[in-house]
Amino acid sequence: MRGKKAPKREILLDQKFKNLQVSKFINYLMRRGKKSVAQKIAYDCFEIISNKTKQDALDIFEQAIRNVSPSLEVRGRRIGGANYQIPFPVRPERKFALASRWLIESASNRKGRTMAEKISQEIMDAAQGMGEAYKKKEDVHKMAEANRAFAHFARY
């Protein structure tokens, strides 16, 4: 690997909740550099969640992220001419990134309604342990469990 490792950028806290996870979620939600649009979608989403559930939207968001975050994932590795799917533990930063990506992706696959409504519904579903994003996490865990026999390849 040539050169220096790129430094991690300092991410500013979001304007409304002063929460780092919310600001990262807004950044994942952003398309084509339009941060104000992403902020409007995210804040509308949190407003919808608090109106529907009569609870704090941040608590439900954090619960959804915890429920969707995977603890194991599989990575392909070529050993002796064969490709093996080897289960690896997921780093905390990657857990949040995967959970956010899965929530946004499964929300955008829903039909009808605005993006804020779709994301709010997906977050509420994930907080209760259901929905597409939660199913995606379960599938990843099943794949890791099925390939547990190859875990010894990860040790070198």
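A short reminder: the numbers here are calculations on the coordinates, not readings from a lab. Everything quoted here is computed from the prediction, not taken from an experiment. Cβ placement follows ideal geometry from the backbone for every residue including glycine, while neighbour counts extend to all protein chains displayed.
Sorted on the mean count of surrounding Cβ atoms within 10 Å across their residues, most packed first, peptides 14-20, 80-86, 114-120 read 114-120, 14-20, 80-86. Each helix, a run of at least 4 DSSP H residues, gives -39500 (n - 2.57); summed and divided by the residues of the chain, these come to -18000 deg cm²/dmol at 222 nm. With only alpha-carbon pairs counted, each pair once and no self-pairs, how large is the Kirkwood hydrodynamic radius of the chain in angstroms? Every distinct Cα pair counted, the radius reaches 17.1 Å.
From least to most packed, judged by other beta carbons within 10 angstrom and beginning with the fewest, 106, 71 follow the order 71, 106. Candidates 129, 96, 116 compared by Cα position along the dipole of segment 20-155: farthest toward the positive end lies 96, with charges placed on Cβ. Report, in listed order, any pair from 5/136; 16/137; 4/34; 16/111; 111/136; 16/95 with a Cα-Cα distance greater than 26 Å. Checking Cα-Cα distances, 5/136; 16/137; 4/34; 16/111 exceed 26 Å.
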